[in-house]
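So the structure is just underneath, and the comments pick up after that.
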Amino acid sequence: MSRLFRDVDGGPLCPHGSVVCIGAFDGLHSGHRALVRHAIARARALGVPAVVVTFEPLPREFFARDNPPPRLTLARAKVEGLLALGADHVGLLRFDAKLSARSAEDFVRTLLVGRLQANEVWIGPEFRFGHRRGGDLALLQAMGDELGFAAGEIEPVHAQGDRVSSTRIREALKSGDFATANRLLGRPYAIGGRVVRGKQLGRTLGFPTANLRFPKTPALSGIYATWVHGVGDAPWPSVSSFGTRPTVDGVEPLLEAHLFDFAGDLYGRHIEVEFVAKLRDELKFPDLPSLTEQMHRDADDAREILSEHQRRATA
């Protein structure tokens, strides 16, 4: 049975050994998946559990709380994705002042050896961990020789000549370059979550929306042509707004998807919004009639883009 754990300290989790991989895994892109799949394959070969260790918040978020870097994937989606790949256990470690002050050597002794009884530890290219980023492959290999585990680093993953990285994906999403983002991810970029109640302003304007909260700094903002998954047997065409809604003085990021020609109650349902094309940036309108007029234009543009997208997909 899969297990989620949150702390470095604690009792043994894998008394008979394990294969561990460590990383931030934001976006769970094709490079991340290559690392996880390699660790899982090694675990299956050794007959021990595969353990993925990651962090929440991401270390870069913790150290830049006033200006956090954009986030590709929320914690729940990341854990679900790791388990879907075949991880037996996921360590979603609480990254706080205590963990940031823990030396790399202590991290290895306490977690990798003490709790996980690691047979092997795998990391991605140039990965660092521990206080002041003091841990790397050389340290893992030296401590492994002493404590009885092997350590390795997978080769960088490339997609059509581009090295895959979360940073490069964030840049592509920010510029609306979904072709590049999707190529690096190895799948279409999408955000999932449970539909929550909003202020229902869209309903009064003739554009009811399914709303997803995103309590992190998003990697993109604006108005988009989108597909919504999890509603019917096929992706549902939609137009989505992702941002802070400046016309109504919003503050926190909210993803609002208007599903074309849909009648039904989606509150509480888990959906996924797939981004296809950016229509425009988020704007502040002088009044609601101006906003409504633009929403009609956005809907028309999204319908046309999605129709062409579907035509190419089935050609």
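The lone criterion from (1) modelled with pLDDT of 95 or more; (2) open to solvent by less than 60 Å² (accessible area, probe 1.4 Å); (3) touching a strand residue (DSSP E or B) at 6+ places or on another chain (Cβ under 6 Å) left unmet by residue 100 is number (3). Answer yes or no as to whether residue 114 is open to solvent by less than 60 Å² (accessible area, probe 1.4 Å) and in a strand (DSSP E or B). It is false that residue 114 is open to solvent by less than 60 Å² (accessible area, probe 1.4 Å) and in a strand (DSSP E or B).
Based on what the data block shows, is residue 56 at pLDDT 95 or above and within 12 Å of the chain's Cα centre (by Cα)? Yes. Of the helices (runs of 4 or more DSSP H) lying entirely inside the range 126-221, those containing at least 2 residues that are open to solvent by less than 40 Å² (accessible area, probe 1.4 Å) and within 20 Å of residue 277 (Cβ to Cβ) are 166-174, 178-185. Does residue 255 satisfy being out of contact with any Phe, Trp or Tyr (no Cβ under 7 Å at 6 or more places or on another chain), modelled with pLDDT of 90 or more and of a type in the set (A, V, I, L, M)? No: the conditions fail for residue 255.
Scanning the range 70-92 for residues that are of a type outside the set (Gly, Ala, Ser), within 16 Å of the chain's Cα centre (by Cα) and either farther than 18 Å from residue 167 by Cα or surrounded by fewer than 17 Cβ atoms within 10 Å (Cβ to Cβ) (or both) yields 76, 79, 80, 82, 83, 85, 90, 92.
Of all residue pairs spaced 6 or more apart or on separate chains, those with beta-carbon atoms under 8 Å, a first member in the range 111-137 that is touching a residue at least 40 places away in the same chain (Cβ under 8 Å) and of a type in the set (Asp, Glu) and a second member that is part of a strand (DSSP E or B) and open to solvent by 30 Å² or more (accessible area, probe 1.4 Å) are 120/150. Taking each residue of the range 173-193 that is over 14 Å from residue 222 (Cβ atoms) and looking for partners that are in a helix (DSSP H, G or I) and open to solvent by 50 Å² or more (accessible area, probe 1.4 Å) with beta-carbon atoms closer than 7 Å, six or more apart or interchain, yields 184/168. Restricted to the range 224-301, the set of strands (runs of 3 or more DSSP E) holding at least 1 residues that are within 27 Å of the chain's Cα centre (by Cα) and exposed (fewer than 15 other Cβ atoms within 10 Å of the Cβ) comprises 270-280.
The values are calculated or read from the model by the stated rules, or taken from the named source; none is laboratory data. Computed from a prediction, not measured in an experiment: that's the story for all the values here. Cβ sites come from the backbone with ideal geometry, for glycine too, and all protein chains shown count toward neighbours. What goes into the accessible areas is simple: the full protein's heavy atoms, side chains included, and nothing from ligands, DNA or RNA. Shrake-Rupley method; radii C 1.70, N 1.55, O 1.52, S 1.80 Å.
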